[in-house]
Amino acid sequence: MSACARHNVVTHGRLEGRPMVLAHGFGCDQHMWRHVWPAFADTHRIVLFDHMGYGGSDLSAYDPQRYDSLRGYADDVLAILEELDLRDVVFVGHSVSAMIGALAAIEAPDRFGRLVLIGPSPRYIDDDDYVGGFTREDIDGLLASLESNYLGWSGTMAPVIMGNPDRPELGEELTNSFCRTDPEIAARFARTTFLSDNRADLARVTTPALVLQCSQDVIAPDTVGRYVHEHLPESELVQLTATGHCPNLSAPEETVGAMRSYLGL
Amino acid sequence: MKRGDRLVESADELFEHAPCGYLAVTSDGVVTRVNETFLALTGYGQEELVERRRLQELLAPGARIFWETHLAPLLMMQGQVNEIAVEVLRADGSRLPAFMSCVLRPAPDGTPQGIFVVLFPAADRRRYEDELLAARRRERETARTLQRGMLVSELPQPEGFDLHVTYRPAVSGLEVGGDWYDAFWLEPGETLGLVVGDVVGRGVDAAVTMGQLRSAVRAFAWTGLGPSGLLEAMDGYVRRHGAGTMTTLVYAQLDVRRSTLRYAAAGHPPPVLARPGEAPTLLWGGRSLPLDAHPDPGRPRDEAHAELPPGSVVLLYTDGLVERRSVSLDVGLDRLVDGLTRHRGAPPSQLAGDLVRGLHDPEHSDDICLLVASARANAS
């Protein structure tokens with residue numbers, strides 16, 4: 001089976017445009033980008049995909065060992081880029097996918113033109129002087145949250161879509177995919193995400209990067225965004241006024257604006 | 001009733017003393033209003049929270065990550081989230097287990113204006129749920145241990161043949177199924193008994209039944225019964241012991257010296273045979289109903305046999321390999337035959353892996369068991 005089929009790759013925009021690959025973070029799927037990608041469809045070839053275990057990905061290809069490390073996810077990204085033979089890619093990674101993109105760019109720098117890292121963190125757990133924001137116990141708390149909240153999900157999520165009351169079928173589509181995660185896979189991805197330490201990898205990223213830092217982001221605090229910016233060989237740091245961890249959903253205009261000016265559009 | 005006896009049912013009263021904690025927060029999470037019940041539950045003062053704290057900060061760290069990675073996106077996408085188990089941090093640092101429901105209140109222009117949040121204290125119920133989760137984990141582990149313990153870890157390796165089995169418990173299911181396989185010498189170096197079966201049901205019950213039937217098959221097999229005779233004996237066993245009704249089972253005797261296979265299938269998907277130079281075929285011979293399924297108990301069962309010239313491959317498997325939610329069984333069987341056509345040249349372990357990967361349906365959570373027997377091309 002092809003990498004594109006395994007990862008439910010969906011493309012939009014100009015086929016001959018510069019490729020823009022958007023990678024969702026832990027917990028969701030490619031629908032995270034629905035307010036962002038349309039702004040680049042006139043100029044770019046948009047490539048959306050689901051990480052293994054999420055959205056419309058092919059669970060039969062899930063291999064616990066491969067996904068015990070973020071490298072497994074980075075290899076998936078490279079497989080998609082190779083299959084579509086994409087070069088000079090603008091890779092937009094949200095949350096954990098920021099580091100996944102960085103790892104992929106270290107592996108195959110010739111395929112990447114720019115990185116846009118939204119809420120990146122190379123390490124979530126505090127370590128001596130480094131403040132990631134969390135302790136190991138906090139991550140166990142997250143695993144407990146995932147476990148105790150799995151059952152309630154599928155049935156009780158009402159298919160109400162903001163701004164689309166006249167398209168109930170869209171609601172159906174989203175409730176069925178946005179929340180669809182195998183509980184064991186979710187727990188594994190949580191462990192891989194929140195227990196990784198990729199601080200040493202930052203210096204090896206030769207691709208120029210934009211770091212988009214939200215305000216009051218409890219997942220990736222300001223200090224972590226600055227750390228990423230300072231340790232990347234070539235990066236710009238933009239502080240968003242948007243709060244929280246998902247500006248791609250909560251403040252798409254500001255996110256798009258920052259991306260456009262970075263890309264010189 | 002006198003007028004003065006009535007409760008004052010003003011909106012304020014209903015809000016402040018609702019039988020749940022009730023907060024209004026901005027779409028960023030900043031608390032704009034909080035009711036008396038919440039303050040009483042958590043020990044905070046009004047002035048500590050309003051315009052000062054964000055909802056996220058009132059959640060324990062695990063729940064906070066869960067909020068940012070799952071709940072906030074879902075809320076934004078779907079307008080509400082319901083019945084989420086969270087822990088709220090009280091003013092004194094202790095934790096209040098609660099259930100939380102939120103609804104996004106849009107501004108007139110459709111943009112998110114704020115979030116209404118209710119929190120129901122649920123210490124006892126959460127403890128009960130934790131116990132249920134732990135019990136379910138234990139049961140699953142017990143069933144898996146039982147199941148694993150009853151499956152042979154090393155298959156006999158007869159001269160001139162390669163045997164391989166791939167056994168894949170349902171990936172996403174919460175309980176194990178009742179698939180089993182077995183392979184044992186009937187006459188060392190001469191005849192091998194091969195079994196693939198599928199017990200109805202899941203969990204510990206299915207694992208226990210599977211263990212009983214596996215032992216019974218072995219015991220009957222060693223008495224010298226042929227495939228059809230063994231299935232008839234199993235009918236009697238199932239009927240007498242009331243365990244394993246409707247089990248499907250294929251039993252085959254592989255004569256290693258003569259390279260022949262005698263087989264009988266009780267309601268089980270047909271074995272597949274690929275002989276060199278021929279297209280793979282489904283072995284529809286030797287079929288009868290599942291164990292103890294026939295209204296006429298003494299009815300004799302059929303069996304069939306096949307030659308296995310060097311280079312032949314036989315597949316025995318359970319329905320998890322070929323059943324898909326959206327298509328008929330025939331389509332699944334066709335796909336298996338196609339898969340075997342494509343991969344038949346591969347060594348058995350690789351062949352099994354390729355077939356399982358190619359056919360597995362993530363939507364159909366069932367055990368998969370696939371036993372491959374191939375006659376080496378250079379067999380003497």
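Observations
- Residues of the range A:212-263 classified as small (Gly, Ala, Ser) and at pLDDT 95 or above, total: 5
- Unique residue being within 14 Å of chain A (Cβ to nearest Cβ), in a helix (DSSP H, G or I) and of a type in the set (A, V, I, L, M, F, W, C) when the list is B:Leu351, B:Leu355, B:Leu340, B:Leu336: B:Leu355
- Residue check, B:Glu68 assigned to a helix (DSSP H, G or I), within 7 Å of chain A (Cβ to nearest Cβ) and of a type in the set (Asp, Glu): yes
- Complete set of residues in the range A:58-74 that are more than 18 Å from B:Val356 (Cα to Cα) and of a type in the set (A, V, I, L, M): A:Leu70, A:Ala74
- When we screen B:Leu104, B:Leu89, B:Leu74, B:Leu96 for residues that are within 8 Å of another protein chain (Cβ to nearest Cβ), crowded, with 17+ Cβ neighbours inside 10 Å and either in contact (Cβ under 8 Å) with a residue 60 or more places away in the chain or within 21 Å of B:Asp130 (Cα to Cα) (or both), the only hit is B:Leu104.
- Residue selected from the range B:354-376 under the condition touching a strand residue (DSSP E or B) at 6+ places or on another chain (Cβ under 9 Å) and at pLDDT below 85, by the criterion farthest from B:Gly201 (Cα to Cα): B:Leu359
- Filter result (farther than 20 Å from B:Gly267 by Cβ and either at pLDDT below 90 or of a type in the set (Lys, Arg) (or both)) within the range B:295-326: B:Arg325, B:Ser326
- Those residues of the range A:215-247 which are at the interface with another protein chain (Cβ under 9 Å from one of its Cβ atoms) and not in a strand (DSSP E or B), in sequence order: A:Gln216, A:Asp217, A:Val218, A:Ile219, A:Gly244, A:His245, A:Cys246
- Residues satisfying the stated conditions in the range B:284-335, i.e. among the small types (Gly, Ala, Ser), surrounded by 15 or more Cβ atoms within 10 Å (Cβ to Cβ) and over 23 Å from the mean Cα position of the chain (by Cα): B:Gly285, B:Gly286, B:Ser288, B:Ala293, B:Ala304, B:Ala306, B:Gly311, B:Ser312
Residues checked against (1) modelled with pLDDT under 95; (2) in contact with a helix residue (DSSP H, G or I) (Cβ under 6 Å, 6 or more places away or on another chain); (3) outside the structural domain of B:Phe120 (by TED's automatic domain parsing):
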{"residue": "B:Ser10", "(1), (2), (3)": "yes, no, no"}
{"residue": "B:Cys20", "(1), (2), (3)": "no, no, no"}
{"residue": "B:Thr32", "(1), (2), (3)": "no, no, no"}
{"residue": "B:Glu36", "(1), (2), (3)": "no, yes, no"}
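The values are calculated or read from the model by the stated rules, or taken from the named source; none is laboratory data. This structure is a prediction, so every number in the text was calculated from the model and none was measured. Cβ atoms come from the backbone with ideal geometry, glycine included; neighbour counts cover every protein chain shown.
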